[in-house]
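To start, the structure under review is shown below, and the notes come after it.
The values are calculated or read from the model by the stated rules, or taken from the named source; none is laboratory data. Keep in mind that this is a model prediction, so the values were computed, not measured. Note: ideal-geometry Cβ built from the backbone for every residue, glycine included; neighbour counts use all protein chains shown. All accessible areas refer to the heavy atoms of the entire protein, side chains included, with ligands and DNA or RNA removed. Shrake-Rupley method; radii C 1.70, N 1.55, O 1.52, S 1.80 Å.
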Amino acid sequence: MKTALFLAAAGLALTVAGFLPSGRAEGPVGVTDPWVRATVPGQNVAGAYLEIVSTRDAALVSAASPAAGLVEIHTMNMEGDVMRMRAVDRIELPAGKPVKLAPGGYHIMLMDLKRELKEGDTVPITLTIEGREQGRATIQLTAPVRAGPGHHHHGRGQ
Ligand SMILES: [Cu+2]
(Lines give C-alpha, C1' and ligand atoms only; values in the text may rest on other atoms or scores of the structure.)
Protein backbone atom coordinates (compact mmCIF):
# COMPACT_ATOMS: atom_id res chain seq x y z
CA MET A 1 0.00 0.00 0.00
CA LYS A 2 1.36 3.34 -1.04
CA THR A 3 1.20 6.04 1.51
CA ALA A 4 2.54 9.11 -0.18
CA LEU A 5 1.40 11.37 2.57
CA PHE A 6 1.88 10.93 6.22
CA LEU A 7 1.69 13.86 8.53
CA ALA A 8 1.00 13.90 12.20
CA ALA A 9 0.59 16.94 14.34
CA ALA A 10 -1.42 17.77 17.38
CA GLY A 11 -3.28 21.03 17.22
CA LEU A 12 -1.09 22.43 14.48
CA ALA A 13 -1.98 23.62 11.05
CA LEU A 14 -1.25 21.06 8.39
CA THR A 15 -0.77 21.60 4.73
CA VAL A 16 -0.89 18.67 2.42
CA ALA A 17 -0.13 18.90 -1.25
CA GLY A 18 -0.91 16.40 -3.90
CA PHE A 19 -3.81 14.16 -4.72
CA LEU A 20 -3.26 10.43 -4.91
CA PRO A 21 -2.70 8.23 -6.75
CA SER A 22 -0.60 10.37 -9.04
CA GLY A 23 0.98 12.35 -6.24
CA ARG A 24 0.97 15.50 -8.32
CA ALA A 25 1.35 18.63 -6.29
CA GLU A 26 -2.09 19.97 -7.01
CA GLY A 27 -4.77 21.33 -4.77
CA PRO A 28 -3.17 21.64 -1.40
CA VAL A 29 -5.59 20.96 1.41
CA GLY A 30 -5.02 22.49 4.82
CA VAL A 31 -6.45 21.20 8.08
CA THR A 32 -6.41 23.42 11.14
CA ASP A 33 -7.04 22.70 14.78
CA PRO A 34 -8.39 19.15 14.74
CA TRP A 35 -9.82 17.90 18.05
CA VAL A 36 -12.00 15.16 19.41
CA ARG A 37 -14.44 15.59 22.25
CA ALA A 38 -13.64 13.59 25.37
CA THR A 39 -16.05 10.81 26.29
CA VAL A 40 -17.49 9.81 29.63
CA PRO A 41 -17.52 6.17 30.81
CA GLY A 42 -20.07 4.16 28.88
CA GLN A 43 -20.16 6.59 25.98
CA ASN A 44 -18.93 4.99 22.78
CA VAL A 45 -19.35 7.83 20.31
CA ALA A 46 -17.46 11.09 20.00
CA GLY A 47 -17.43 14.03 17.61
CA ALA A 48 -14.28 15.13 15.82
CA TYR A 49 -13.95 18.71 14.67
CA LEU A 50 -11.56 20.72 12.51
CA GLU A 51 -11.32 23.41 9.92
CA ILE A 52 -10.40 22.48 6.39
CA VAL A 53 -9.62 24.48 3.30
CA SER A 54 -8.75 23.35 -0.20
CA THR A 55 -7.22 25.64 -2.77
CA ARG A 56 -9.26 23.84 -5.45
CA ASP A 57 -12.84 22.65 -5.51
CA ALA A 58 -12.89 19.37 -3.65
CA ALA A 59 -14.94 17.46 -1.11
CA LEU A 60 -14.39 15.56 2.09
CA VAL A 61 -15.80 12.15 1.22
CA SER A 62 -14.84 9.90 4.10
CA ALA A 63 -12.99 9.61 7.36
CA ALA A 64 -11.53 6.71 9.27
CA SER A 65 -9.84 6.13 12.60
CA PRO A 66 -8.28 3.11 14.27
CA ALA A 67 -9.92 4.30 17.51
CA ALA A 68 -13.42 3.71 16.14
CA GLY A 69 -15.21 0.74 14.63
CA LEU A 70 -17.23 3.03 12.36
CA VAL A 71 -16.74 6.61 11.26
CA GLU A 72 -19.31 8.76 9.48
CA ILE A 73 -19.55 12.34 8.36
CA HIS A 74 -22.52 13.98 10.04
CA THR A 75 -24.45 17.17 9.89
CA MET A 76 -26.55 18.53 12.72
CA ASN A 77 -29.72 20.54 12.34
CA MET A 78 -32.45 21.86 14.54
CA GLU A 79 -35.78 20.19 13.82
CA GLY A 80 -38.22 22.16 15.91
CA ASP A 81 -36.65 22.10 19.36
CA VAL A 82 -34.62 18.99 18.73
CA MET A 83 -31.04 18.75 17.46
CA ARG A 84 -30.79 15.91 14.99
CA MET A 85 -27.74 14.38 13.37
CA ARG A 86 -27.68 12.61 10.08
CA ALA A 87 -24.96 11.10 7.94
CA VAL A 88 -23.93 12.86 4.75
CA ASP A 89 -21.96 11.42 1.81
CA ARG A 90 -19.66 14.39 1.47
CA ILE A 91 -18.89 17.90 2.55
CA GLU A 92 -18.14 20.22 -0.32
CA LEU A 93 -14.94 22.24 -0.05
CA PRO A 94 -15.27 25.21 -2.40
CA ALA A 95 -11.90 26.53 -3.56
CA GLY A 96 -10.29 28.81 -1.02
CA LYS A 97 -13.19 28.73 1.42
CA PRO A 98 -12.47 27.44 4.91
CA VAL A 99 -15.12 24.95 6.01
CA LYS A 100 -15.58 24.45 9.69
CA LEU A 101 -16.58 21.19 11.32
CA ALA A 102 -17.71 22.32 14.75
CA PRO A 103 -20.15 21.40 17.51
CA GLY A 104 -23.70 22.09 16.32
CA GLY A 105 -22.89 21.59 12.64
CA TYR A 106 -20.82 19.32 10.47
CA HIS A 107 -18.66 16.87 12.34
CA ILE A 108 -16.91 13.57 12.01
CA MET A 109 -18.67 10.98 14.12
CA LEU A 110 -16.46 8.37 15.68
CA MET A 111 -18.67 5.44 16.62
CA ASP A 112 -18.15 2.07 18.24
CA LEU A 113 -15.17 3.51 20.10
CA LYS A 114 -12.70 0.94 21.32
CA ARG A 115 -11.87 2.80 24.52
CA GLU A 116 -12.71 5.87 26.54
CA LEU A 117 -11.20 9.08 25.15
CA LYS A 118 -9.69 11.27 27.84
CA GLU A 119 -8.28 14.76 27.70
CA GLY A 120 -4.64 14.53 26.73
CA ASP A 121 -5.15 11.46 24.52
CA THR A 122 -4.70 11.74 20.80
CA VAL A 123 -6.74 10.11 18.07
CA PRO A 124 -5.37 9.35 14.59
CA ILE A 125 -7.83 10.27 11.85
CA THR A 126 -7.53 9.74 8.11
CA LEU A 127 -9.54 12.02 5.84
CA THR A 128 -10.22 11.22 2.21
CA ILE A 129 -10.49 14.24 -0.03
CA GLU A 130 -11.83 14.02 -3.55
CA GLY A 131 -10.76 16.65 -6.03
CA ARG A 132 -12.99 17.47 -8.93
CA GLU A 133 -10.28 16.49 -11.41
CA GLN A 134 -7.44 15.27 -9.26
CA GLY A 135 -8.91 12.11 -7.82
CA ARG A 136 -8.64 11.11 -4.19
CA ALA A 137 -6.05 11.96 -1.59
CA THR A 138 -5.75 10.99 2.03
CA ILE A 139 -4.72 13.23 4.86
CA GLN A 140 -3.53 11.73 8.10
CA LEU A 141 -3.75 13.75 11.24
CA THR A 142 -3.58 13.30 14.95
CA ALA A 143 -6.31 15.06 16.86
CA PRO A 144 -5.95 15.86 20.57
CA VAL A 145 -8.84 14.95 22.87
CA ARG A 146 -10.45 17.89 24.63
CA ALA A 147 -13.42 18.46 26.86
CA GLY A 148 -15.38 20.64 24.45
CA PRO A 149 -17.84 23.42 25.12
CA GLY A 150 -21.01 22.29 26.81
CA HIS A 151 -19.45 19.06 27.91
CA HIS A 152 -20.17 18.00 31.48
CA HIS A 153 -17.06 16.62 32.93
CA HIS A 154 -17.50 14.49 36.01
CA GLY A 155 -14.83 12.75 37.97
CA ARG A 156 -11.82 13.81 35.97
CA GLY A 157 -9.49 10.91 36.69
CA GLN A 158 -5.83 11.43 36.04
CU1 LIG B 1 -22.93 12.83 14.79
Projected label distance in nm at GLU133 and GLN43, using a 7 Å step from Cα toward the beta-carbon: 4.5 nm
Surface per residue (accessible, 1.4 Å probe) for the stretch 14-146, Å²: 47 Å²
Candidate aspartates and glutamates for bridging to LYS114, where Cα separation is under 16 Å - those fewer than 8 sequence places away on the same chain excluded: GLU72
Rough spin-label spacing in nm, given labels placed 7 Å along Cα→Cβ, for LEU70 and THR32: 3.3 nm
Inter-label distance for MET85 and GLU116, nm, one decimal - labels placed 7 Å from Cα along Cα-to-Cβ: 2.0 nm
